[in-house]
Amino acid sequence: MNHNASLSAPARRARGIVLIGLAVLGVASALFVLWRPLMMSAPMCMAGRWHGCFDTFNGVVLMTLVALPLAALVVWALARRRRAAGIPSAWRMSLAEVGMAHGTVPFLWLTMMPGGGAGVVPARVSLVPLRDLVTMGSLGIAGNLLVFASLGFFAPMRFAALASVPRILALGVGCSVLVETAQYVLRLDRVSSVDDVLVNACGAVLAALASRRWWRTAAEAPSDPPRPAMAPVG
């Protein structure tokens with residue numbers, strides 16, 4: 001029995017309002033905690049200066065939050081276009097696509113920021129599992145969990161081929177390995193650590209589990225249109 005189908009329209013509406021309220025509450029709580037640090041970068045960002053804005057953690061987070069209304073507008077435009085074309089699950093597909101980009105690109109930007117000795121100090125690698133977790137600290141672990149969290153949350157909602165925990169795990173590992181490899185090759189004065197890969201992948205899986213009820217199934221994937229039958233010859 002399909003649980004979603006069994007819900008009445010008022011119940012679905014109420015559930016949607018609750019989810020939106022929780023999301024707004026979460027964003028408001030995050031803003032309350034981060035308000036003062038973010039405002040330190042606000043003058044530089046508002047002036048359009050690279051230094052002090054896009055090369056700092058506070059500046060990148062601030063601009064990500066400022067861009068939320070634009071992201072919501074893109075979701076609305078994509079969903080409206082798809083609904084006009086008769087595409088099912090238009091809102092979910094549009095939200096998933098924009099969510100993957102908006103929630104992942106800023107974290108990738110932060111992980112690729114060069115350190116003070118970029119291009120000077122030799123590249124460093126740490127291949128011993130769990131050794132670097134102690135030095136990461138709680139903030140470091142939380143940040144690594146969030147790097148591919150949006151990708152893990154939204155990817156199985158958009159692509160039926162990724163709607164399984166092992167595939168999301170493989171996706172998280174693969175993306176994290178690419179990031180750590182780029183840090184090593186570009187000599188960004190960062191340590192390419194296997195623990196970063198493990199924590200990044202765990203963050204993607206945990207986020208995917210949180211969105212499991214909205215995953216796209218193979219039955220919802222668009223099928224190829226039927227081919228016209230060949231007319232008999234003779």
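For the stretch 81-91, the criterion of being under 21 Å from V179 (Cβ atoms), surrounded by 15 or more Cβ atoms within 10 Å (Cβ to Cβ), free of Cβ contacts under 8 Å to residues at least 40 places away in the same chain and not aliphatic (A, V, I, L, M) is met by none of the residues.
Within the stretch 32-113, which helices (runs of 4 or more DSSP H) (wholly inside it) include 3 or more residues that are closer than 20 Å to L145 by Cα and out of contact with any Cys (no Cβ under 8 Å at 6 or more places or on another chain)? Full working, then the answer.
On the way: elements: 57-66, 68-84, 90-111.
Answer list for the stretch 32-113: 57-66, 90-111.
Could you list, in sequence order, the residues of the stretch 17-27 that are under 13 Å from L65 (Cα atoms) and either at pLDDT below 75 or surrounded by 12 or more Cβ atoms within 10 Å (Cβ to Cβ) (or both)? Once the filter is applied, which keeps residues that are under 13 Å from L65 (Cα atoms) and either at pLDDT below 75 or surrounded by 12 or more Cβ atoms within 10 Å (Cβ to Cβ) (or both), the stretch 17-27 yields G26, V27. Could you check, for the stretch 39-56, whether at least one of its residues is touching a Phe, Trp or Tyr at 6+ places or on another chain (Cβ under 8 Å), basic (K, R) and surrounded by 14 or more Cβ atoms within 10 Å (Cβ to Cβ)? For the stretch 39-56, residues touching a Phe, Trp or Tyr at 6+ places or on another chain (Cβ under 8 Å), basic (K, R) and surrounded by 14 or more Cβ atoms within 10 Å (Cβ to Cβ): absent.
Every residue, every condition in (1) of a type outside the set (A, V, I, L, M, F, W, C); (2) more than 21 Å from N58 (Cβ to Cβ); (3) surrounded by 14 or more Cβ atoms within 10 Å (Cβ to Cβ), yes or no:
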site	(1), (2), (3)
P114	yes, no, yes
G119	yes, yes, no
P129	yes, yes, no
M136	no, no, yes
F148	no, yes, yes
A155	no, yes, yes
L178	no, yes, no
A182	no, yes, yes
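The values are calculated or read from the model by the stated rules, or taken from the named source; none is laboratory data. Computed from a prediction, not measured in an experiment: that's the story for all the values here. Cβ sites come from the backbone with ideal geometry, for glycine too, and all protein chains shown count toward neighbours.
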